[in-house]
Amino acid sequence: MVGATATAGLSLTCALLPCQGYRGGLAATRSLEWRKKKRQCMRKGSPLINAKFDLKPPPYPLNGLEPHMSRETLEYHWGMHHRSYVESLNRQIVGTELDGMTLEDIVILSYNKGDLLPAFNNAAQICNHDFFWESMKPGGGGKPSGDLLELIERDFGSFEGFIKEFKSAASTQFGSGWVWLAYKANRLDVGNAMNPCPSDEDKRLVVVKCPNAVNPLVWDYSPLLTIDVWEHAYYLDFQNQRVDYISVFMEELVSWEVVSSRLVTAKAQAAEREREEERSKRDEEEDNTADGKAVEMYLASDTDDSEAE
């Protein structure tokens with residue numbers, strides 16, 4: 001398989017370090033203790049472990065991405081690596097405060113401002129891999145259209161400019177990690193940590209690269225597209241030629257329809273949050289106004305009483 005060489009040397013949108021960030025959509029002040037709850041669920045003297053998460057299959061047969069990604073790679077990557085993350089997380093969270101939470105909530109809470117709790121890596125890798133498989137399709141690649149293409153051209157200058165930046169980020173991510181196209185709509189510092197990319201420019205697309213299992217969710221970004229640059233993602237098909245793998249991914253595998261639908265969802269969520277913030281602001285202003293009127297009435301009553309005396 002022959003792919004175009006990715007252009008290196010671009011300055012990335014931002015360098016994300018795992019010591020920053022927390023998703024603002026959850027209660028930022030919540031503290032999480034990694035402790036076991038007392039449970040009386042025993043079977044034959046051993047704890048009863050009920051798996052909370054299942055291994056989701058890719059949305060195509062394991063040979064569905066051939067010749068660009070082999071069945072052998074899917075069997076190894078999805079069937080072994082992804083499966084091990086699911087099984088490990090289910091063992092980790094049973095009986096803890098994370099038991100019963102959504103996968104996204106576990107990722108966000110266990111990130112813990114970069115001081116990772118034990119469940120983070122497995123939870124984030126499950127989330128990342130589910131997202132990765134769904135970012136591809138047989139006969140993918142090509143070029144997006146509609147609102148997605150318009151935003152790409154606005155924020156990267158052109159579709160070709162985006163491809164160049166995305167490839168550069170993926171080829172220069174040192175060691176293991178993920179590279180993402182994300183929708184950045186947050187306007188305030190996120191929860192109990194500083195936004196990793198402080199900027200006055202909101203509601204825009206950004207390319208970010210994250211080490212190990214880190215996901216942009218922890219900075220309150222909305223992921224739209226990702227590529228796995230852990231070596232096990234491509235070694236069977238490309239050996240150590242990461243650049244070729246990246247080119248094939250972008251040119252032959254990306255499902256732009258899925259990316260576009262994620263953008264629609266991200267924009268809708270951002271708009272709903274803005275409406276909620278406006279409602280909260282109005283409620284607060286009305287409460288303050290009511291409190292002010294109550295004080296005025298009290299002062300007026302006190303003055304009347306003094307004059308009567």
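Observations
- Taken along the Cα-to-beta-carbon direction at a fixed 7 Å, the label points for GLU277 and LEU149 span 3.1 nm.
- Of LYS143/LYS164; LYS143/LYS167; LYS56/LYS113, pairs whose Cα-Cα distance is over 20 Å: LYS56/LYS113
- Sum of side-chain charges, LYS164 neighbourhood, beta-carbon under 15 Å (Lys, Arg +1; Asp, Glu -1): -2
- In this structure the amide hydrogen of GLY141, modeled in the peptide plane, comes within under 5 Å of the amide hydrogens of LEU253, VAL254, SER255, TRP256, none closer than 5 places in sequence on its chain.
- Applying 1/(1 + (r/R0)^6) with R0 = 35 Å to the Cβ-Cβ distance of ASP99 and GLN239 gives a FRET efficiency near 0.30.
- Carbon/sulfur fraction of accessible area - the range 70-155, other protein chains in place, 1.4 Å, %: 47 percent
- Accessible area expressed per residue, the range 87-151, with surrounding protein chains retained (probe 1.4 Å, Å²): 34 Å²
- When you filter the trypsin sites (Lys or Arg not before Pro) in the range 88-195 for DSSP loop state and at most 14 other Cβ atoms inside 10 Å of their Cβ, nothing is left.
- Calculated FRET efficiency for the pair THR172/GLU87, C-beta based, R₀ 35 Å, to 0.05: 0.60
- With a Förster radius of 35 Å applied to the beta-carbon distance between ARG204 and GLU231, the computed FRET efficiency rounds to 0.65.
The values are calculated or read from the model by the stated rules, or taken from the named source; none is laboratory data. Being a predicted model, the structure only gives us computed values, none of them experimental. Reconstructed Cβ throughout: ideal geometry from the backbone, glycine too, with neighbour counts over all protein chains shown. Areas reflect the complete protein model, heavy atoms only, side chains present, ligands, DNA and RNA absent. Shrake-Rupley method; radii C 1.70, N 1.55, O 1.52, S 1.80 Å.
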